[in-house]
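The values are calculated or read from the model by the stated rules, or taken from the named source; none is laboratory data. What you see is a predicted model; the values in this text were computed from it and never measured. FYI the Cβ positions are ideal-geometry reconstructions off the backbone, even for glycines, and counts take in every protein chain you see. For accessibility, only protein heavy atoms count, side chains too; no ligands or nucleic acids. Shrake-Rupley method; radii C 1.70, N 1.55, O 1.52, S 1.80 Å.
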Amino acid sequence: MSNKKSNKIYLVVKGRQPGLYTEWFGPRGAAEQVADLSGAVYKGFYTRETAAHWLRQFDRATLACLPPSLRDLLKSARRIDMQNFQLTISQDNYWTDDQNWRFADRYTLYKNGWAVKSLFGRFVAHSPNISLQNIAGQAAWVFADEDTNPIIYAGQDLRQKYGIDKAYRPYSLNDKLIFIAQKGDKYFVVYNGRRATPEFDHVIVAYCCEGVLYSVQGGLGKYLFSANRNGQSYLVEITASVLHYP
């Protein structure tokens, strides 16, 4: 287990004395419960919420044998707060969690108790933690603050994967990922890993207030957005039938 001293709570599910510990070292620490013990199961967490999510991956027989301190943790952390999301896809559990830092909040996407990606942002007009969705059988985490707009899809940052600066509004179209990409001051659509439209000078993307009415929308086999190009305004509608490549 790395960074033991930086974790705030430790859960010992299988050890000499299972339970919740607030210290790693010392006579009341978690280390003594698992050291040199074959088959020990334990993990450290920053928050009670992420710890409770990790506990829920175990089968009913294991959960039934948990000590009171761990059972109480499960009962007290069932609800995700207003800034965070929870998603289950097949056997995998995903959730987001935020931690307060001095100048910005750190938001982290977890999969089955393991951190996938952490991003920093500030709550201004809206939370930067926009959504967590199942798109074509993969988790899509949408994050947006004043400086950055990534989409984390299937564990990858789409900005890095496609060499773009920002990514917006992912949806499923014909069971394939579609989203708005921005590179420099130009916008275009990426569908199924390929560029699907010409460049636009501007695409309306909004996450709150009146602008949401004109922002990118998806569903019912369509992907719609308002855009400008060469001084002209367009209402663009994309359907799977007009995209011919597989």
Where a residue in region 172-184 is under 16 Å from Arg159 (Cβ atoms) and in contact (Cβ under 8 Å) with a residue 24 or more places away in the chain and its partner, wherever it lies, is open to solvent by less than 20 Å² (accessible area, probe 1.4 Å) and in a loop (DSSP other than H, G, I, E, B), with Cβ under 7 Å and at least six apart: Ile180/Val216; Gln182/Ile164
Selected residue (criterion: nearest to Leu173 (Cα to Cα)) from residues of region 188-216 that are without any contact (Cβ under 8 Å) to a residue 40 or more places away in the chain, in a strand (DSSP E or B) and within 25 Å of the chain's Cα centre (by Cα): Val190
Region 61-94 - residue that is under 17 Å from Pro18 (Cβ atoms) and assigned to a loop (DSSP other than H, G, I, E, B) and, of those, modelled with the lowest pLDDT: Cys65
Extreme residue, farthest from Tyr223 (Cα to Cα), among residues of region 119-147 that are open to solvent by 50 Å² or more (accessible area, probe 1.4 Å) and part of a strand (DSSP E or B): Phe120
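Condition check ((1) farther than 19 Å from Gly221 by Cα; (2) at pLDDT 90 or above; (3) surrounded by 19 or more Cβ atoms within 10 Å (Cβ to Cβ)) across all residues:
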{"residue": "Phe103", "(1), (2), (3)": "yes, no, no"}
{"residue": "Tyr107", "(1), (2), (3)": "yes, yes, yes"}
{"residue": "Asn112", "(1), (2), (3)": "yes, yes, no"}
{"residue": "Val116", "(1), (2), (3)": "yes, yes, no"}
{"residue": "Ile152", "(1), (2), (3)": "yes, yes, yes"}
{"residue": "Gln160", "(1), (2), (3)": "yes, yes, no"}
{"residue": "Asp165", "(1), (2), (3)": "yes, yes, no"}
{"residue": "Pro170", "(1), (2), (3)": "no, yes, yes"}
Inter-residue pairs, beta-carbon under 8 Å, first without any contact (Cβ under 8 Å) to a residue 60 or more places away in the chain and of a type in the set (S, T, N, Q) and in region 107-130, second outside any strand (DSSP E or B) and open to solvent by 70 Å² or more (accessible area, probe 1.4 Å), 6+ apart: Asn112/Gln57; Ser127/Met82
Region 10-27, subset hydrophobic (A, V, I, L, M, F, W, C) and open to solvent by 20 Å² or more (accessible area, probe 1.4 Å), residue nearest to Asp72 (Cα to Cα): Leu20
